Every structure is written in C-alpha cells, then in structure tokens.
1. For residues that are touching a strand residue (DSSP E or B) at 6+ places or on another chain (Cβ under 6 Å) and within 24 Å of Phe443 (Cβ to Cβ), scanning just the stretch 524-544, find the one that is least open to solvent (accessible area, probe 1.4 Å).
2. Quick check: is even one residue across the stretch 464-477 on the phi > 0 side of the Ramachandran plot, modelled with pLDDT of 95 or more and surrounded by 14 or more Cβ atoms within 10 Å (Cβ to Cβ)?
3. Failed condition for Val375, given (1) closer than 22 Å to Leu81 by Cα; (2) at pLDDT 95 or above, with all others met?
4. Look through Phe521, Phe517, Phe501 and report the one residue that is surrounded by fewer than 22 Cβ atoms within 10 Å (Cβ to Cβ), of a type in the set (Phe, Trp, Tyr) and within 37 Å of the chain's Cα centre (by Cα).
5. Just name the residue that is nearest to Asp374 (Cα to Cα) out of those in the stretch 76-106 that are open to solvent by less than 30 Å² (accessible area, probe 1.4 Å) and outside any helix (DSSP H, G or I).
6. For the stretch 547-567, which positions are out of contact with any Leu (no Cβ under 8 Å at 6 or more places or on another chain) and open to solvent by less than 50 Å² (accessible area, probe 1.4 Å)?
7. Every residue in the stretch 53-73 that is open to solvent by 70 Å² or more (accessible area, probe 1.4 Å) and either in contact (Cβ under 8 Å) with a residue 60 or more places away in the chain or not in a loop (DSSP other than H, G, I, E, B) (or both), please.
8. Pairs needed: first member in the stretch 434-457, charged (D, E, K, R); second member anywhere, at pLDDT 95 or above; C-beta distance under 7 Å; at least 6 residues apart or different chains.
Amino acid sequence: MSNNKEKLFTEFTAPTTQEWLDKIEVDLKGADFQKRLVWRTNEGFNVQPFYRREDLANLKAVDSLPGEFPFVRGNKKDNNLWFVRQDIKVEDAAEANKKALDILNKGVDSLGFKIPGKNLSKELIATLLDGILPQYVELNFNTCQRHCVELAEILVAYFKEKGYPLAELKGSINFDPIEKILKKGKDVTPVLAEAKSLIEALKELPGYKCININSVALNNAGAYIYQELGYALAWGAEYMNILTEAGVDATEAAKRIKFNMGVSENYFMEIAKFRAARMLWAQIVKQYEPKCDCACQMHVCAITSEYNQTLFDSYVNLLRSQTETMSAAIANVDSIIVTPFDKPYEQPTEFAERIARNQQLLLKEESHFDKLVDVSGGSYTIEHLTDAIAQEGWKLFLAIEEAGGFLAEALKGNITNAVNTSNSKRHAAAATRKEFILGTNQFPNFTETSDGKQPCSSACCCATATHETGDLPTLNTERLASEFETLRLSTEKAQKQPIAFMLTIGNLAMRQARAQFSCNFLAAAGYKVMDNLGFKTVEEGVDAALEAKADIVVICSSDDEYAEYAIPAFQYLNGRAMFVVAGAPACSEDLKAAGIENFIHVKSNQLETLRAYNAKLGI
C-alpha cells in the first residue's frame, strides 16, 4: 500500500504558482486578471482567486493550537459545543416562564430574558425562573442599565436560597451603557460608575459575565466587517480601562467581559472575523498582565444580522441566517442567536422561532458542527482572511485609541457617523445592484404581494429616563432592503398594478437575455411583468402590448438592431405607454434625439429609475 501511494504522488509534478498564473492568463483570453478575478473587499484589502502554502509562510497564528493563547483557533481543545440561545421578552413573568420551560424541551440550552426595569422584583425573578435549573442552562438577562446591580443582587440571593451550586452557574447580565450612547444618542456616562458595583455583586457567581460589548448594534446598522471588529476591540478596551482604573483586578475584569457580535452573510469573512477577534482581544488583555492566559479568552455570543433581512420573499431570510449561523459555528463562538425570518415585519411567530432553533440543531445533530475544533484552521484562504481582517481591524482599533478611546469618540458622535456613512454607502450600492439583495433588487418574486405586512422597528426594553438627553447622533438601523420595500409597498397601494410588457424582437439570445434582465429590474418595484417569445415586427409587438393594457413597453433586442427597431417602435407607440430601451446601445444618442428618454441597463441606478417611473405613472 505504501509503495502505491509513493507511485501515485511521484507521477504528478506539483505546479508552481507562476504556472498556475500562466494557465489562468491563457484561460482569460486577454481579460484583465486583476479586474476579473481579484475580489476587492469593503474591508480595505484584496482577495486573490487562489492561495498556496507559501502564502501562509509569515503568518504566526497558523502555528497556534486550539485552546491555547492567542486563541485564534478557539477556546476549547476537544469539542466545538455552543449554546443554542433564544431570547424572551418578559411582559408577564408566568407566561415567560411557561415559554422558557417549553423551549428548553425543544433544544434550547441558553435563555435570554428581556425584563423592563420598572417591573424588576424578587417575586418576578422567582416566578420567571421557577422550574428552571440554572446549573444546566445558561441564563442571560437584559434590563434597564440602572437596574443591573439590583438584578444581580436579586439573582445571587435567589440562587443561594434555592441551594444551587453557585460556582457552576453560567450566564450574563447585559450591562453596556455605551450601547445606549450609540443607539439612543444619550450621554449616560454616569451609569458607567456602576460597573465595579455590578462585578462585586456577582462575586459569588464566577461564571457570570456582566460587562457587555454589543457590537451587534453596529452590524445591524450596516457597519463593514472590519468596522465591527475594530470598534468591538476598542469598546472592550474602554471597559478594561474603566474597570482597572476603578480598582478592579485585571484578571477579574477580563473574565467578566462578554462580546455580543453580529454575523452577516459574508460567509468566509465572518469566519475570519471571529478568529481574528479572539486573537486580537487576547493580545489586548495580555497587556494588562492577567494572572492566567484564560483571562485572555474572548467569549462571544453571535447574533445573525437583521440588516440584510427582507420583508418581501422573507423565506430567503432563512438562507441568509443559515449561512450566518454556519459561519459563527465554524468560527467556534460560545453561543448563537438565530434571528427569526419574520422579524422585519412582525413579532416572531411560534413557527418562525421553532425554525430558528432548528437551524442550529440541524448543524449540531445532523451536520456535527459541534464535534470538530476550528475546522477551518489550515485553510489557506481562511488563514489569509483571518490575518488580513485582523490587520484592518487593528488599524481601526489603534486609530480609536490614538483619538482618545472608544467612549470619547462615541461622545463626539464619530463612531455613529462612521457607521452611518457605511450604511449610506451600502444603500447606494444596493440601489445600483452592486450589492445584491436576493428577492429584492435581484430575482424578486414576480407575483408576491405584501399581504398587509408592514416594516416594524425594535423598541427599548425599559422606559426612557427623563433626565437623559438625546443630543448625540444615533445609529441608522434602516435595513438594506428598506428603500426597495417602501417603493414596492407604494406600488401596491396604486389603483392599478403597472404592467411592463417585453417587446422582444431580433437576435434570439440578446432579446431573451435583456427581457430576463428587464423583468427582474422592473419587478423589484412590484410591476406585473410580461415576457414574450418574440415578435416579427415592432408594430405587432406594440399592438400586443396595448392589448395587454401595458403601462410600460420595454424593447428588448441587440445593440446593433436597436438602430433599426427602437425609433419605429417608439413612434408607433406614440405615447400610449411609457417606452423603455433595455440596454445602452452605441446609437443611444440617436435614440435620445428621437425623443426616447428611458434606458435600463447594468449601470442604471435601479432604485432611482424605479422611483422616477412610479412618479411618471402617478404613483
């Protein structure tokens, strides 16, 4: 057997990188390698179409092991178990308890309770946790920031009264005043002084995290991946500074910190982000000289993004959140929350929550993602992305530190403004289809209607204190698809659904391709699109369009043939419907001179074009 193996490998000569590049140049047939195959990311670096072992020669982290500093390969050595978490909004403690007990029997092993601060009491906690054994379940609590210490004291007293093994309990209290500065524009810096008291209140619960970095808020506001990474690191460093300056031991401070990070649809980049985050956080904490390397571990709860979810074709949200969950699981996070697919337009239903749970259970029970530690380790591409995203995130972290730290930059509005700028860029990219939203600006469901669905927004779990101001800029959490959804909803409200008719003529391949493009382009506004097999004359096509009561007639042909067909079709239509040319032919100026105004093609701003068409149609 060994001889056969030797023969197999000696029969083939390993090609060099240059030989691969030479072969690619031949296959490209003169096309530009950089433009055609190199991916220019939003993160500030390029990704090559292939990587080889020599590309990892200078990457130090490649030699590290799972469970060892700097933890790039995860905190665990023997498994990749993570908590399956579901959050519950506590409006009635008994009902929330009933729901918690139910979902614990359906695969959940981590609960998150969102408790209005005004309702917090010993009785509420006793009712809420009745029948739940905290030594077997991770418990996470979110309440008004000013009630976190009170909550901690109530929990400790409750667990002691019940006789639970305090040292074995795991969970968290979400104390993060900085998040409110970013999301609500309120200067709540006085609340930061309670951080030390909160840690002291939880001293008998060593497994409880309480200082949170909610960078998921940045993710849901459209931040680029390197921004969430860099800002999360600076955010965490700010809390380390606050705690150590208040006299909290550095080891204790680091062990109490938890990161709640978003995860978006960029599959490989998100895997790399979490790996890079652990590596860089370990380096940051190491500078505080903790008593053990275990204090350098980053503990992450990953939450699938709301930013890229859609109201229309909402089942596609399942595809998005599934790949996001896979990224987080492969990247060895500690717990995952899958956002239900219907979150953009309603309080998630029981069905949507069940599917969200099962998305994680599928990865565990059927795909065995929980069995292998850092399955992506050693992948040339992932290792390169981990290093590249770490470099960009580190640059941003250093820039924030040099500017005075995360809190100072947040109070100046610089963090919020930077993320909102990224959000605006991404909306502009979606408008021109440089950033695809499946089912929205690309391949929309032609026949779907909203069925009364309306976009909804999230609300704070506690009442707003009257003494908090809101003078600072706030994060713009407008989803990427929101402008297209507004457009499509306005079309639905029109007295008549506009009909877009494809006048296909001439070259078979070109007319079919352009008709398909045009149907997708126009259906994004909620128009009824009518494709056709082809017409012998433009007059025949126009007559068919008018018979179909078309509001828009789109001529679909080849560039060369537009000089022959477009003007006669436009003149024969004679203003009885809007006339559109699919493409940007060389004869465009001649067509414009004849009075043709409307052209749609790959470089068109789809959103602006459709808004203009709606205006012309009186919508």
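The values are calculated or read from the model by the stated rules, or taken from the named source; none is laboratory data. Here the structure is a predicted model, which is why all the values come from computation and not from measurement. All Cβ positions, glycine included, derive from the backbone under ideal geometry; neighbour counts span all protein chains shown. When the accessible area is computed, the model is the full protein with side chains, heavy atoms only, and any ligands, DNA or RNA have been set aside. Shrake-Rupley method; radii C 1.70, N 1.55, O 1.52, S 1.80 Å.
1. Initially, the stretch 524-544 is screened for residues touching a strand residue (DSSP E or B) at 6+ places or on another chain (Cβ under 6 Å), giving 527-532, 534, 541.
If we keep only those that are within 24 Å of Phe443 (Cβ to Cβ) as well, we get 527-532, 534.
Numbers: Tyr527: 1, Lys528: 98, Val529: 27, Met530: 54, Asp531: 85, Asn532: 45, Gly534: 32 Å².
Restricting to residues being touching a strand residue (DSSP E or B) at 6+ places or on another chain (Cβ under 6 Å) and within 24 Å of Phe443 (Cβ to Cβ), the top hit is Tyr527.
2. Looking only at the stretch 464-477, we keep the residues that are on the phi > 0 side of the Ramachandran plot, and these are none.
No: zero hits.
3. Failing condition for Val375: (2).
4. Sole residue among the options that is surrounded by fewer than 22 Cβ atoms within 10 Å (Cβ to Cβ), of a type in the set (Phe, Trp, Tyr) and within 37 Å of the chain's Cα centre (by Cα): Phe517.
5. Asn80
6. Hits for the stretch 547-567 are Ala548, Ala550, Ser557, Ser558, Glu561, Tyr565.
7. Arg53, Glu54, Asp55, Lys60, Asp63, Glu68
8. From residues that are charged (D, E, K, R), the pairs are Glu435/Arg426; Glu435/Ala429; Glu448/Phe312; Glu448/Asp313; Lys453/Leu311; Lys453/Tyr345.
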